[in-house]
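Engineer: Pasting a structure here, questions to come.
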Amino acid sequence: MSTPPLLPVGLDLSDKEVVVVGGGPAATRATAGLLDAGARVTVVAPGVVPELGALASARALTWLPRPYATGDLAAAWYAVAATGHAAVDDAVEAEAERERVFCTRATRPADASVGGPGRVVLVGGGPGDPELITVRGRTALEQADVVVVDNLGPRSLLAGLRPDVEIVDASKLPRGRAMPQEDINAVLVSRALAGRRVVRLKGGDPFVFGRGMEELLACAAAGVPVEVVPGVTSAVGVPGLAGVPVTHRGLTHEFVVVSGHLPPGHPQSLVDWSAIGRLRGTVVVLMGVETAPAIAAALIGHGRAPDTPVAVVVEGSTGRERTLRTTLADLGATMAAESVRPPAVWVVGDVVALAGPVPVPVSAGGRSSGE
Ligand code: SAH
């Protein structure tokens, strides 16, 4: 039983001929996605469900009301085998293979195994670029029946999943980001206990401020097997993409990654900001956009030089990535002047100066107008 591949990243199906073999619910789901993608869809099936019939009447697709026959993929760039009959879907896949047509199977023999043991794979998806997921993470995605996603990470990979994959958007569940972790845990556990192969796709690495361990423990408590696939954490990967190494021989022998979600002095803070202020090495702050001015002040207050260079990298690894360079003293003003919004990582330390000459500091304007 072969695993259906994901669509290659960035595959553009607009105005491309796509053949969907089958006329049931799986074919309907596949067709909806393909029409959204702008494909020219031909459905081959002796009978179709009313939704597909209506689309055919509206000329949104072409319906060939007959069984699949070898040669049907001749003009196709992409095919979907969705009859649910193993022999027919096998034949479609075989023709696709011969003719070098991308093909996915919307109804798979594996579906019949639902009810057997499920599992959860906690996948670190990297900072956002779909190519920065690991090979193992991507394979797990290809095999998933259910994918539970956050708002960070390589969400564009979802477009390439089989149409029958259930996508649970954890960032859109009730109460948004503040939704109780128990709700996410419950989704993971219930789907896995129903025999589904669940991927929990997370931004960066699952165990870096990602609540991955809570999910792992919830699954373990319910007797659900869990696999962990590490990811490229934004704490290291995002600065790296911007040309800022977190360590450099002869310059720094340490780097510390801190959550900035609570400001210094907050009663629930677990961070020893005075210790971090005394560090000579690299300080990487995640979730610290709003709190940047307070954190910078605390670091300076505890001994870090005000002119220590800082790089702020916003939406790293995406098409919207931008990097600001400033100093600890000017950090708040720079971020305000540049309207920095999350997600952003900021890095304090001499390593920032390695990346080349510091461009014209926006902090000059920020300082005169803001402070
Ligand atoms: N587990 C994640 C971090 C989750 S906390 C990891 O290992 O990367 C969320 C924070 O990560 C954001 O507030 C931001 O500080 C950082 N972050 C995640 N993705 C980012 C990106 N593409 N660009 C900049 N910062 C990012």
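The values are calculated or read from the model by the stated rules, or taken from the named source; none is laboratory data. Note that the structure is predicted; figures quoted are calculated from it, not measured. Note that we place each Cβ from the backbone using ideal geometry, even for glycine, and neighbour counts take in every protein chain shown. We work out accessible area using only protein heavy atoms, side chains counted, and drop any ligands, DNA or RNA first. Shrake-Rupley method; radii C 1.70, N 1.55, O 1.52, S 1.80 Å.
Engineer: So which residues in the range 170-209 are under 19 Å from the mean Cα position of the chain (by Cα), modelled with pLDDT of 90 or more and more than 16 Å from the ligand (Cβ to nearest atom), if there are any at all?
Structural biologist: Within the range 170-209, Asn185, Val187, Leu188, Arg197, Val198 qualify.
Engineer: Of all residues in the range 84-121, which are open to solvent by less than 60 Å² (accessible area, probe 1.4 Å), over 30 Å from Val19 (Cβ atoms) and either within 14 Å of the chain's Cα centre (by Cα) or modelled with pLDDT of 90 or more (or both)?
Structural biologist: Those that are open to solvent by less than 60 Å² (accessible area, probe 1.4 Å), over 30 Å from Val19 (Cβ atoms) and either within 14 Å of the chain's Cα centre (by Cα) or modelled with pLDDT of 90 or more (or both): Gly118, Val120, Val121.
Engineer: Shifting gears a bit: Please determine whether any residue of the range 133-145 is part of a strand (DSSP E or B), buried (at least 19 other Cβ atoms within 10 Å of the Cβ) and at pLDDT 95 or above.
Structural biologist: No, the conditions are met nowhere in the range 133-145.
Engineer: Only residues that are of a type outside the set (A, V, I, L, M) and either open to solvent by 20 Å² or more (accessible area, probe 1.4 Å) or more than 16 Å from the ligand (Cβ to nearest atom) (or both): list them for the range 122-132, please.
Structural biologist: Matches in the range 122-132: Pro127, Asp129, Pro130, Glu131.
Engineer: If you don't mind, there's one more thing I want to ask. Quick one: which residue in Val238, Val246, Val228 is at pLDDT 95 or above, under 27 Å from Val189 (Cα atoms) and under 24 Å from the mean Cα position of the chain (by Cα)?
Structural biologist: Exactly one of Val238, Val246, Val228 is at pLDDT 95 or above, under 27 Å from Val189 (Cα atoms) and under 24 Å from the mean Cα position of the chain (by Cα), namely Val228.
Engineer: Take the residues in the range 49-61 that are open to solvent by less than 40 Å² (accessible area, probe 1.4 Å) and of a type in the set (A, V, I, L, M, F, W, C); name whichever of them is nearest to Thr83 (Cα to Cα).
Structural biologist: Per the criteria, the residue is Val49.
Engineer: Looking only at the range 151-166, how many residues end up being under 12 Å from the mean Cα position of the chain (by Cα) and open to solvent by 20 Å² or more (accessible area, probe 1.4 Å)?
Structural biologist: 6
Engineer: Would you mind stating whether Glu290 is open to solvent by 60 Å² or more (accessible area, probe 1.4 Å) and closer than 18 Å to Ala344 by Cβ?
Structural biologist: Criteria met by Glu290.
Engineer: Sticking with this structure for a sec: Looking only at the range 34-48, count how many residues are buried (at least 17 other Cβ atoms within 10 Å of the Cβ) and either within 26 Å of the chain's Cα centre (by Cα) or among the basic types (Lys, Arg) (or both).
Structural biologist: 4
Engineer: Which residues, taken from the range 32-72, are at pLDDT 90 or above, assigned to a loop (DSSP other than H, G, I, E, B) and either touching a Cys at 6+ places or on another chain (Cβ under 8 Å) or of a type in the set (Val, Ile, Thr) (or both)?
Structural biologist: Thr70
Engineer: Moving on to the next point. Taking the range 326-345 as the search range and keeping residues that are among the β-branched types (Val, Ile, Thr) and in a strand (DSSP E or B), which one is most open to solvent (accessible area, probe 1.4 Å)?
Structural biologist: Thr327
Engineer: In this structure, is Ser234 crowded, with 17+ Cβ neighbours inside 10 Å, hydroxyl-bearing (Ser, Thr, Tyr) and within 16 Å of the ligand (Cβ to nearest atom)?
Structural biologist: Against the criterion (crowded, with 17+ Cβ neighbours inside 10 Å, hydroxyl-bearing (Ser, Thr, Tyr) and within 16 Å of the ligand (Cβ to nearest atom)), Ser234 qualifies.
Engineer: Another question about this same structure. Name the single residue, out of those in the range 245-283 being within 12 Å of the ligand (Cβ to nearest atom) and of a type in the set (A, V, I, L, M), that is least open to solvent (accessible area, probe 1.4 Å).
Structural biologist: Val258
Engineer: If you scan the range 210-229, which residues turn out to be within 12 Å of the ligand (Cβ to nearest atom), surrounded by fewer than 18 Cβ atoms within 10 Å (Cβ to Cβ) and touching a residue at least 60 places away in the same chain (Cβ under 8 Å)?
Structural biologist: Once the filter is applied, which keeps residues that are within 12 Å of the ligand (Cβ to nearest atom), surrounded by fewer than 18 Cβ atoms within 10 Å (Cβ to Cβ) and touching a residue at least 60 places away in the same chain (Cβ under 8 Å), the range 210-229 yields nothing.
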